[in-house]
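The values are calculated or read from the model by the stated rules, or taken from the named source; none is laboratory data. Just so it is clear, the structure is predicted and the values come from calculations on it, not from any experiment. Positions of Cβ are generated from backbone atoms using ideal geometry, with glycine treated the same way; all protein chains shown enter the neighbour counts.
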């Protein structure tokens with residue numbers, strides 16, 4: 001799997017590509033897609049990593065330790081329910097909407113439900129939650145940028161995983177040849 005810094009740089013490059021494309025075509029939607037790919041730096045498929053995620057370090061250094069603790073609390077159930085690299089956390093579109101739904105649940109649905117239970121307002125909870133969900137999911141260009149960032153993340157993970165498998169296999173074969181004393185390779 002690629003390092004978090006590689007994913008971050010790739011998302012920034014993708015965002016710049018969207019921005020240049022929008023300047024060239026004079027279409028504002030490219031800017032929104034670029035913002036979506038930058039959101040992909042924060043809403044990364046690597047939310048399922050328990051510790052050492054690049055966002056943890058960024059939050060700790062830029063905002064503070066309390067923000068990192070809040071971030072870890074926010075991602076606790078996501079990390080506990082998904083294995084790193086699983087299709088539910090890494091396959092583009094599926095995982096993108098999964099992270100959007102998870103964020104919706106913890107930032108909008110649960111606080112609204114608690115408010116509704118405590119204060120008994122006149123509005124209907126389901127109507128309000130469906131209104132929010134529709135507003136969020138109707139941002140097609142933003143979600144397209146986020147999906148683009150996820151596709152890039154997924155592709156980089158596949159490429160580096162395949163590369164590491166080939167490298168490890170090659171080292172193993174050289175080691176076996178050295179142990180067996182097969183000629184043609186220099187034994188140092």
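Among helices (runs of 4 or more DSSP H) entirely within region 80-145, having at least 3 residues that are under 17 Å from the mean Cα position of the chain (by Cα) singles out 87-90, 94-104. Of 95, 22, all but one fail to be within 25 Å of residue 134 (Cβ to Cβ), at pLDDT 85 or above and out of contact with any strand residue (DSSP E or B) (no Cβ under 8 Å at 6 or more places or on another chain); the exception is 95.
For region 23-44, how many residues are crowded, with 18+ Cβ neighbours inside 10 Å and over 20 Å from residue 136 (Cβ atoms)? Number satisfying all stated conditions: 1. Filtering region 57-70 to residues that are touching a helix residue (DSSP H, G or I) at 6+ places or on another chain (Cβ under 6 Å) and surrounded by fewer than 19 Cβ atoms within 10 Å (Cβ to Cβ) leaves 60, 67, 68.
Condition check for residue 187 on (1) out of contact with any helix residue (DSSP H, G or I) (no Cβ under 8 Å at 6 or more places or on another chain); (2) over 25 Å from residue 45 (Cβ atoms); (3) at pLDDT below 90: one failure, at (1). Evaluate the following for residue 164: is it under 30 Å from residue 47 (Cβ atoms), at pLDDT below 60 and surrounded by fewer than 14 Cβ atoms within 10 Å (Cβ to Cβ)? Spelling it out, residue 164 is indeed under 30 Å from residue 47 (Cβ atoms), at pLDDT below 60 and surrounded by fewer than 14 Cβ atoms within 10 Å (Cβ to Cβ). Among the residues of region 13-33, those that are within 21 Å of the chain's Cα centre (by Cα) and farther than 15 Å from residue 151 by Cβ comprise 16, 19, 30, 31, 32.
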